[in-house]
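To start, the structure itself, in structure tokens.
The values are calculated or read from the model by the stated rules, or taken from the named source; none is laboratory data. This one's a predicted model, so the numbers in the text were calculated from it and none came from an experiment. Because the Cβ atoms are built from the backbone with ideal geometry, glycine has one as well, and the counts that use them run over all protein chains shown. Accessible surface is based on the protein model in full, side chains and every heavy atom, while ligands, DNA and RNA are left aside. Shrake-Rupley method; radii C 1.70, N 1.55, O 1.52, S 1.80 Å.
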Amino acid sequence: MVGLSEGEKHFIRGGIAQDLRADGRRRLQFRSVSVETGVIPQANGSARVRLGATEVIASVKAELGKPSILHPDKGKVSIFVDCSPTAAPMFEGRGSEELSTELSVALQRCLLGGKSGAGAVIDLSSLIVVDGKVCWDLYIDGLVISSDGNLLDALASAIKVALSDTGIPKVNVSLSAATDEEPEVDVSDEEFVQFDTSSVPVIVTLTKVGKDYIVDATSEEESQMSSAVSVSVNRHGKICGLTKRGGAGLDPSVIFDMISVAKHVSQQFLSLLDSEIASAEAAE
């Protein structure tokens, strides 16, 4: 919890009301973004994203597995988040576990359509090797290194960048005449297929402070919020998921307006992220 004096709280709320935040940004302006790819050599893909003073890492590990009975033509994706105890004082003890669970569930809801993956915006059919028998399982791990607000958006951005850095090994399959036998697979060490991230969205969280809402809130700004709505939007402007936190209720008309703003802002953020990804890949 961020400890602020009454004067500091009034300064933050007053600045947002006047569209001039404490760090000089407008209400719908993001902090500076920086991206690094390939930060974990052992992973199939990885990325570090800094959003102001918030810093996170995402890694993707691909392993061969068996499709579920309910979805024999799709691979599987799991998302787990861990918060380093040194990232913020509130992460010490059980606070870290609770936030890690909250972030993992929110990311699963916005990127996978829930634990089942039924509404996934990640193309799970591209992960199938042999229908009903062999698929790729993607294990996505997020790590919060430094926290200064807007963790969900930062983690979703890092996951998108890490997936763009992910190479799935090519697999040669030998099928036997007996259909009930397990196929033999040969995984290439040299040939990889780049993971398609064209449909993977970003998450834009609109944080309501007073009568106004802002994007990319800092920890101090989040301490003054009444509620927040996180919207996942892809580059085609499609709403892929939505989650809300905070105890205060929101009028449906306000939620619709926040979604509309999120759609508009997301395209600006996607362009910024694309530019950073291109720069990171050029630097490798």
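Here are some notes:
- For Asp212, no residue has an amide H sitting under 5 Å from its own, ignoring neighbours fewer than 5 places away on the same chain, with H placed 1.01 Å from N.
- Charge-dipole axis of the chain as Lys and Arg at +1 and Asp and Glu at -1 on Cβ define it, positive-most pick from Thr101, Ser279, Gly15: Gly15
- The chain: calculated mean residue ellipticity at 222 nm from DSSP helix runs of at least 4, using -39500 (n - 2.57): -9000 deg cm²/dmol
- Rg to Rh, two decimals, where the range 148-284 supplies the alpha carbon set and Rh follows Kirkwood: 1.16
- Residue by residue, the range 59-68 carries 3J(HN,Hα) couplings of 10, 10, 10, 9, 9, 6, x, 10, x, 6 Hz when phi is fed to the Karplus relation 6.51 cos²θ - 1.76 cosθ + 1.60 (θ = phi - 60°); x denotes Gly or Pro.
- Computed over protein heavy atoms with a 1.4 Å probe, the carbon and sulfur contribution to the accessible area of the range 8-283 reaches 51%.
- Centroid-to-centroid separation of the range 35-85 and the range 205-243 [C-alpha atoms, Å]: 23 Å
- Normalised contact order of the range 188-284, rounded percent, pairs of Cα under 8 Å and 6 or more residues apart: 24 percent
- The chain: relative contact order in percent, alpha carbon pairs under 8 Å with at least 6 residues between: 20 percent
- In order along the range 152-158, the Karplus-derived 3J(HN,Hα) couplings, from 6.51 cos²θ - 1.76 cosθ + 1.60 at θ = phi - 60°, round to 4, 5, 5, 5, 4, 5, 5 Hz, and Gly and Pro are given as x.
- Set Lys76/Lys133; Lys74/Lys133; Lys133/Lys160 screened for pairs whose C-alpha atoms are more than 18 Å apart: Lys133/Lys160
- Anchor Lys9: lysines whose Cα lies under 30 Å away (excluding residues fewer than 8 positions away in-chain): Lys208, Lys211, Lys244, Lys263
- Near the amide H of Thr218, within less than 5 Å, lie no amide hydrogens of residues on another chain or at least 5 residues away, with H placed in the peptide plane.
- Solvent-accessible area per residue in the chain equals 48 Å², computed with a 1.4 angstrom probe and all protein chains kept.
- Rounded to the nearest whole Hz, the Karplus-based 3J(HN,Hα) values (6.51 cos²θ - 1.76 cosθ + 1.60, θ = phi - 60°) of the range 46-54 follow the sequence 7, 7, 10, 10, 10, 10, x, 8, 8, with x at glycine and proline.
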